[in-house]
Ligand code: SF4
Ligand code: SF4
Ligand code: SF4
């Protein structure tokens with residue numbers, strides 16, 4: 001029998017695991033050895049020498065972080081010799097720059113200051129050596145005070161090994177040592193992407209978030225944990241508030257999905273919460289424009305105009321746009337309001353514009369339309385295939401998981417994308433497909449996998465159906481034929497197919513590059529086919545994983561803000577479900593036919609069939625396709641109510657505007673892209689008379705004769721759990737520490753991080769035999785270039801939140817037209833030239849950005865900017881099943897244009 005190996009630290013004898021360091025063992029048994037450079041989970045560098053300990057028998061003091069525990073080792077962590085060494089070390093560090101703590105932002109939260117106190121360093125015997133480097137405050141978000149830098153290197157490790165941005169390193173030598181960004185440029189002129197990970201780990205006051213400077217001492221601020229309001233990753237964040245103002249955001253440590261990391265938007269994009277241009281009172285339009293009104297007047301007017309069967313419009317002439325920005329509880333009430341109070345199923349959310357095809361495709365293939373695996377499963381993957389997702393910019397924290405796996409050699413990465421997105425730098429293989437040819441390359445990969453007998457026969461046999469039809473269809477997609485459609489070289493396709501099939505498990509991650517097509521549903525089914533063919537669904541590290549764009553787009557769908565289902569995807573056409581919901585809501589009946597989608601409601605508004613819209617937290621006049629047409633349609637409405645935080649482009653058209661609260665002023669839940677229901681907590685009071693969205697809906701409902709007497713979000717969640725099987729076991733109490741993945745049917749159910757493990761939700765996984773269809777519009781002589789649209793790292797969606805942030809606006813101040821150097825040469829375009837970009841539907845003007853990210857023949861324009869709205873150009877052609885528009889492909893032409901009179905950038909509500 002093996003005898004346990006033991007070590008004695010400060011007189012405490014304990015066993016240890018092979019490979020544990022002295023520092024780790026000490027930490028485990030509650031002995032605090034001080035460190036400055038060590039980051040748990042990363043390779044120890046031993047740079048700071050603060051953790052030196054005395055090991056019996058060793059001549060020198062040894063760094064605890066880098067010394068492996070050994071059998072019978074005896075360690076002293078606070079011996080006289082150790083303490084003397086630490087005091088000397090602290091003195092040298094204090095003398096190495098400017099460490100006058102009086103106005104240092106880190107005062108009270110500084111590891112060096114803490115150690116000076118702990119080891120009673122009252123005087124410094126060495127002369128202070130002034131820093132040879134000026135403080136960098138020229139970049140908009142992070143102050144780099146080199147006089148306070150102790151060169152511990154934590155920032156370098158965090159940047160390179162945690163976020164894998166590789167933006168900083170040690171520079172120069174000896175006393176000239178400095179942490180430098182590439183070329184020793186300021187952050188904003190380097191590869192830095194302002195994730196702030198370096199600030200997070202800096203143990204002293206050398207790196208400081210600029211916006212939070214002089215906004216409050218650590219002991220003056222209150223911290224409230226909540227969930228990030230931007231993308232679907234659902235990072236856990238702490239809001240730091242002082243005097244009812246959010247003064248800082250940090251990532252919550254030790255909790256998934258982000259474990260303290262954030263991206264630039266999550267960390268720095270909070271100005272909008274405090275912004276003085278927030279809506280604070282209801283507005284009612286009269287002949288002279290908007291005037292302020294009381295809640296009583298505004299809601300009475302809305303109730304009167306939308307009054308269900310008493311309204312002159314009739315229920316089905318009214319529509320409700322719910323929102324991916326509001327909470328689950330609020331989405332639930334919005335659809336309840338539409339169905340039980342107005343009497344229509346015309347309720348939808350903006351998933352229609354991003355992932356409706358995911359839901360349709362994955363439901364058809366697997367029986368459930370959501371991400372199959374948890375985010376953390378990336379770490380179990382041997383191969384990651386990313387397609388149609390610019391992950392580093394749209395879901396940055398997830399991209400860090402991927403980059404870590406690739407750079408550590410634990411997984412291979414295939415990127416399939418029409419642009420040379422940043423992730424291609426990490427890819428083992430980049431397949432560059434022509435826009436809108438995703439079915440063809442997926443069929444091509446399956447052709448190779450089946451032909452070479454690389455598929456998982458047992459899995460296909462036992463767990464799926466429809467294989468023979470699939471096999472017959474993909475037979476036609478030999479690599480040469482696929483190359484003629486997609487532009488992907490045949491050899492690369494074969495290589496990708498072999499890599500994917502031979503890795504076990506292999507995962508697929510995708511986003512709007514796959515879904516926003518007239519063939520969006522087919523594209524998603526094709527990815528599901530590929531994954532099932534190789535036995536990758538229902539296994540750790542595998543799966544088909546849609547990355548949802550907005551913070552709560554998953555929740556908006558889950559809670560029934562869709563025209564065909566109640567919460568939990570229960571069909572409105574099912575008589576027994578309808579009766580059950582009617583009984584739960586205390587109404588005699590509910591409408592039986594599916595309602596109109598967002599895209600159809602806009603279309604029908606233009607035709608006069610939809611007379612009134614109640615739009616909550618969305619801004620279709622920037623986010624919808626073919627905006628000129630959408631603008632006309634919304635302008636023709638008899639009655640438009642917009643409930644939002646700012647006077648958005650859409651709100652400007654409204655008859656009544658209702659001011660709502662931001663996420664920072666709410667109690668509720670969001671559901672992130674991995675189906676994890678997480679808490680949203682109130683950190684401040686709303687400005688003026690702004691109210692939480694659920695309070696407004698409940699008040700309106702009560703005025704319309706259907707009392708909703710909820711006192712808090714918690715009560716709405718109780719009702720959700722009662723009527724929604726997949727949320728049946730969810731309570732706020734259970735979410736207190738960490739979120740829960742649905743399905744979670746009962747109070748004792750732990751949640752379901754991974755779907756389809758034993759069986760698919762629909763029983764057997766369904767293969768779909770699908771043929772390639774071209775996009776609705778292709779380039780021609782008149783419009784010879786492809787346009788594709790998407791996001792940039794520094795802005796979000798229609799910019800209503802990020803464009804209130806000075807720092808983010810400084811980094812990306814205006815819209816741009818990204819074109820390849822080849823196209824630039826052909827059209828005689830120089831960097832910064834103003835281009836008029838036109839399609840059959842409209843024209844915009846913005847500056848050219850010549851970039852190797854663009855590939856010849858394809859132009860990219862971000863869709864965030866209202867004043868140069870890419871969606872004036874996009875095509876509103878719809879996927880016939882999911883009704884999602886083809887945002888990702890249309891034909892355009894470019895011409896040089898006059899200088900812009902104002903930057904094609906800022907929102908009007910941002911401008912002074
Ligand atoms: S970095 Fe720490 S020790 Fe130096 S001035 Fe700031 S609080 Fe004081
Ligand atoms: S902000 Fe992020 S990318 Fe920039 S240097 Fe710091 S860790 Fe690196
Ligand atoms: S990755 Fe997404 S959820 Fe996380 S901080 Fe950034 S925007 Fe927020």
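The values are calculated or read from the model by the stated rules, or taken from the named source; none is laboratory data. All values derive from a computational prediction rather than experimental measurement. Here Cβ is always computed from backbone atoms with ideal geometry, including for glycine, and neighbour counts include all displayed protein chains.
Among all residue pairs at least 6 apart or on different chains, which show Cβ distances below 8 Å where the first residue, located in the range 260-277, is farther than 13 Å from residue 646 by Cβ and free of Cβ contacts under 8 Å to residues at least 12 places away in the same chain and the second is assigned to a loop (DSSP other than H, G, I, E, B) and more than 13 Å from ligand 2 (Cβ to nearest atom)?
none
Within the range 592-693, which strands (runs of 3 or more DSSP E) (wholly inside it) include 2 or more residues that are within 28 Å of residue 371 (Cβ to Cβ)?
Ranges flagged: 612-616, 668-671, 676-680.
In the range 683-694, is there at least one residue being under 26 Å from the mean Cα position of the chain (by Cα) and surrounded by fewer than 15 Cβ atoms within 10 Å (Cβ to Cβ)?
yes
Counting only residues that are within 15 Å of ligand 1 (Cβ to nearest atom) and surrounded by 21 or more Cβ atoms within 10 Å (Cβ to Cβ), give me the strands (runs of 3 or more DSSP E) lying completely in the range 117-228 with at least 1 of them.
It comes to 142-144, 178-181, 207-209.
Name, by its number, the condition in (1) closer than 23 Å to residue 424 by Cβ; (2) under 26 Å from the mean Cα position of the chain (by Cα) that does not hold for residue 866.
(1)
Quick one: in the range 69-116, of everything that is touching a strand residue (DSSP E or B) at 6+ places or on another chain (Cβ under 8 Å) and under 30 Å from residue 215 (Cα atoms), which residue is surrounded by the fewest Cβ atoms within 10 Å (Cβ to Cβ)?
Selected residue: 106.
Has the range 804-827 got at least one residue that is in a strand (DSSP E or B) and touching a helix residue (DSSP H, G or I) at 6+ places or on another chain (Cβ under 6 Å)?
No: zero hits.
With respect to residue 211, determine if the residue is over 30 Å from residue 545 (Cβ atoms), modelled with pLDDT under 95 and within 16 Å of ligand 2 (Cβ to nearest atom).
Yes; evaluated as a whole, the condition is true for this residue.
Filter the range 89-116 down to residues that are part of a helix (DSSP H, G or I), more than 9 Å from ligand 1 (Cβ to nearest atom) and within 12 Å of residue 148 (Cα to Cα), then give me how many there are.
Result for the range 89-116: 1.
Please state which of the following conditions residue 143 fails to meet, knowing it meets all the rest: (1) away from ligand 2 (no atom under 16 Å from the Cβ); (2) in contact (Cβ under 8 Å) with a residue 60 or more places away in the chain.
(1)
Quickly run through the range 809-822 and pick out the residues that are surrounded by 18 or more Cβ atoms within 10 Å (Cβ to Cβ) and in contact with a strand residue (DSSP E or B) (Cβ under 7 Å, 6 or more places away or on another chain).
Answer for the range 809-822, where residues must be surrounded by 18 or more Cβ atoms within 10 Å (Cβ to Cβ) and in contact with a strand residue (DSSP E or B) (Cβ under 7 Å, 6 or more places away or on another chain): 815, 816, 817, 818, 819.
Give the residue, chosen from 111, 106, that is at negative phi and touching a helix residue (DSSP H, G or I) at 6+ places or on another chain (Cβ under 9 Å).
Going through 111, 106 in turn, the sole match is 106.
Working only within the range 232-247, note down all residues that are crowded, with 21+ Cβ neighbours inside 10 Å and within 19 Å of the chain's Cα centre (by Cα).
If the condition is that a residue be crowded, with 21+ Cβ neighbours inside 10 Å and within 19 Å of the chain's Cα centre (by Cα), then 232, 233, 234, 235, 236, 237, 239 are the ones that fit.
Restrict the check to the range 535-543 and report whether at least one residue is out of contact with any strand residue (DSSP E or B) (no Cβ under 6 Å at 6 or more places or on another chain), modelled with pLDDT under 95 and surrounded by 20 or more Cβ atoms within 10 Å (Cβ to Cβ).
no
Go through the range 257-280 and give me each residue that's assigned to a loop (DSSP other than H, G, I, E, B) and either surrounded by fewer than 19 Cβ atoms within 10 Å (Cβ to Cβ) or within 16 Å of ligand 2 (Cβ to nearest atom) (or both).
Correct list: 258, 259, 260, 261, 262, 263, 269, 275, 276, 277, 280.
Can you confirm whether the range 627-637 contains a residue that is farther than 20 Å from residue 842 by Cα and either surrounded by fewer than 23 Cβ atoms within 10 Å (Cβ to Cβ) or in contact with a helix residue (DSSP H, G or I) (Cβ under 6 Å, 6 or more places away or on another chain) (or both)?
yes
When residue 798 is evaluated against the numbered criteria (1) part of a loop (DSSP other than H, G, I, E, B); (2) at pLDDT 95 or above, which criterion, by number, is the only one it fails?
(2)
Give me the pairs: first residue in the range 175-192 and touching a residue at least 60 places away in the same chain (Cβ under 8 Å) and within 16 Å of residue 147 (Cα to Cα), second residue more than 16 Å from ligand 1 (Cβ to nearest atom) and outside any helix (DSSP H, G or I), beta-carbon distance under 8 Å, and six or more apart or on different chains, which are they?
Short answer, once both residue conditions are applied: none.
State yes or no: is residue 250 within 16 Å of ligand 2 (Cβ to nearest atom), over 15 Å from the mean Cα position of the chain (by Cα) and either part of a loop (DSSP other than H, G, I, E, B) or surrounded by fewer than 22 Cβ atoms within 10 Å (Cβ to Cβ) (or both)?
yes
Can you find, within the range 725-737, the residue that is surrounded by the most Cβ atoms within 10 Å (Cβ to Cβ) among those that are in a loop (DSSP other than H, G, I, E, B) and touching a strand residue (DSSP E or B) at 6+ places or on another chain (Cβ under 8 Å)?
730
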